[in-house]
Each structure stands twice: as structure tokens, then as C-alpha cells.
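Following: one structure in C-alpha cells, then a few remarks.
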Amino acid sequence: MMVLYSGTICPFSQRCRFVLFEKWMDFEIKDIDILNKPNDISIMNPYGKVPILVERDLVLYESNIINEYIDERFPHPQLMPSDPIMRARVRLFLYNFEKTLFSNIHKLEKRNDDIDTIEARNNIQNGLIQLAPILSKNKFMLGDDFSMLDISIAPLLWRLDYYGINLPKNAAPLQKYAERIFSRQAYIESLTPAEKIMRR
């Protein structure tokens with residue numbers, strides 16, 4: 001059985017929880033206090049971070065790597081496209097999400113209003129605004145098909161209030177898109193008690 005070591009307020013861990021609940025397979029989640037991590041976390045991941053997935057003698061870290069493994073190991077429902085060209089494009093999107101959006105999160109976790117935090121909020125806001133036109137026509141990032149792209153960005157969209165990020169009116173398609181994701185049963189199941197209170 002797969003075991004996921006998951007931070008209770010970690011957006012990267014929530015990505016993996018979301019995938020596991022979408023698959024509805026047997027798994028165990030071990031909640032980790034990221035401010036007081038047990039020693040074995042650094043043994044399993046030399047960077048000392050969660051999420052970490054363990055299955056028998058396999059140990060994986062980094063949320064996108066974990067999620068692709070789960071999707072290949074349990075292919076129904078399929079979250080990565082079967083077409084190799086589309087799959088490559090999704091991976092490129094995921095990479096861009098990390099560089100333009102999620103790379104700013106660690107600055108926001110400090111919960112202050114210094115110059116770095118304000119810049120991080122602006123970077124995320126501008127990056128999300130650029131996605132709005134795609135979602136004015138599509139139900140999900142890849143059209144009608146729910147995919148790994150939607151799973152990847154969902155934890156950030158859930159935390160916008162918590163991070164102090166306000167979206168303008170022209171981002172309304174993005175907000176409607178977020179509500180579609182948040183209404184999924186797997187997403188609701190993926191939330192920890194601490195995450196549920198992050199959003200008004």
C-alpha cells in the first residue's frame with residue numbers, strides 16, 4: 001500500500017492527496033507537522049521536505065514526480081494525456097507553473113508585508129490573470145478533460161485569500177473554474193482541517 005507523508009498545510013502535499021482521492025485506491029496518509037518534522041523525513045528525502053511517497057522499497061519526493069507515478073501505476077481515471085505530444089505540453093505547463101507561480105509561495109508563507117512578499121503576490125496575480133482567457137472558453141485547462149494541470153494549480157487557487165492575493169474582475173473565468181474544481185468530491189476529501197479554514 002502507498003503511504004504519503006503529507007504536510008497538513010503544504011500546497012504541494014495537497015496536490016498528491018488530491019490525486020490519491022481521484023484514484024480511489026488503497027493508500028495511507030501520514031500527517032506531518034512541517035514546523036516539527038520527524039527525523040525520518042530527512043532520511044527519506046535529502047532536502048527534508050514533504051510530500052514523500054513510499055511504496056515497498058520505492059521512495060519518491062517532489063509532488064509532480066509523485067503524481068505522475070501514481071497516474072501511471074493506477075491509470076484510471078487517467079490524469080495525464082495518452083498522446084505523447086499532449087503529455088509533453090502538459091509537462092511544460094507544469095514546469096511553467098512551478099517557475100512563475102509556485103516558486104513565489106515560500107515568500108508568502110512568512111506572512112508579512114515586506115517587499116519580497118508584495119512582489120511574490122504580484123507575480124502570482126499576474127500569472128493567474130494570464131490564464132483567465134484560456135478558462136473563459138474551457139471547462140478545465142485541457143478543455144472538457146480534467147487533468148494533472150487542474151490538480152497542480154488547485155491548491156494555490158484555494159489559498160488566494162490566505163496569501164492576500166486579490167484577483168481583478170477580468171479574472172472571473174478563473175474564479176468560476178476554481179469553484180468547479182473545489183466542488184469535486186476528491187478535492188473536498190483532500191483538504192485537511194487546517195486547509196479548510198484557509199478560505200473564506
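Since every read-out is calculated from the coordinates, none of them should be taken as a lab result. Note that the structure is a prediction, hence the values are computed from the model and not measured. Don't worry about glycine lacking a Cβ; one is built from the backbone with ideal geometry, like all the others, and counts go over all protein chains shown.
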Checklist entry - In nanometres, what is the gap between the two model label sites at ILE118 and ASN36, each 7 Å from Cα along Cα-to-Cβ? => result 3.6
Next on the checklist: Could you order the peptides 157-165, 57-65 from most to least packed, using the average number of other C-beta atoms within 10 Å per residue?
Outcome noted: 157-165, 57-65
Checklist entry - Short version: ³J(HN,Hα) in whole Hz for each residue of the range 177-184, in order, from phi by Karplus 6.51 cos²θ - 1.76 cosθ + 1.60 (θ = phi - 60°), x for Gly and Pro, what are they? => result 4, 4, 5, 5, 5, 5, 7, 5
Checklist entry - Based on Cβ point charges of +1 for Lys and Arg and -1 for Asp and Glu, what charge dipole magnitude is obtained for the range 84-184 about its Cα centre, in debye rounded to the nearest 20? => result 320
Checklist entry - What whole number of Å gives the distance from the Cα centroid of the range 32-108 to the Cα centroid of the range 116-179? => result 20
Item to check | Using θ = phi - 60° and Karplus 6.51 cos²θ - 1.76 cosθ + 1.60, couplings along the range 55-62 (whole Hz; Gly, Pro as x) | outcome: 9, 6, 9, 8, 10, 10, 9, 6
Checklist outcome for this item: For the chain, whose charge dipole is built from +1 on Lys and Arg Cβ atoms and -1 on Asp and Glu Cβ atoms, the candidate among TYR187, LEU160, ILE43 with its Cα farthest towards the positive end is LEU160
Checklist entry - Can you list residues whose amide H is under 5 Å from PHE140's amide H, if they're 5+ apart or on another chain and H is modeled 1.01 Å from N? => result ASP145
Checklist entry - In the structure shown, do any of LYS49/LYS196; LYS37/LYS110; LYS137/LYS169; LYS110/LYS169; LYS30/LYS139; LYS30/LYS196 have a Cα-Cα gap over 25 Å, and if so which? => result LYS110/LYS169; LYS30/LYS139
Next on the checklist: Run lengths n ≥ 4 of DSSP H only: what is the helix-derived mean residue ellipticity at 222 nm for the chain, with -39500 (n - 2.57) per run over all residues, to the nearest 500?
Outcome noted: -15500 deg cm²/dmol
Next on the checklist: If you take every DSSP beta bridge fully contained in the chain, what fraction is antiparallel? Give it as a percent rounded to 5.
Outcome noted: 60
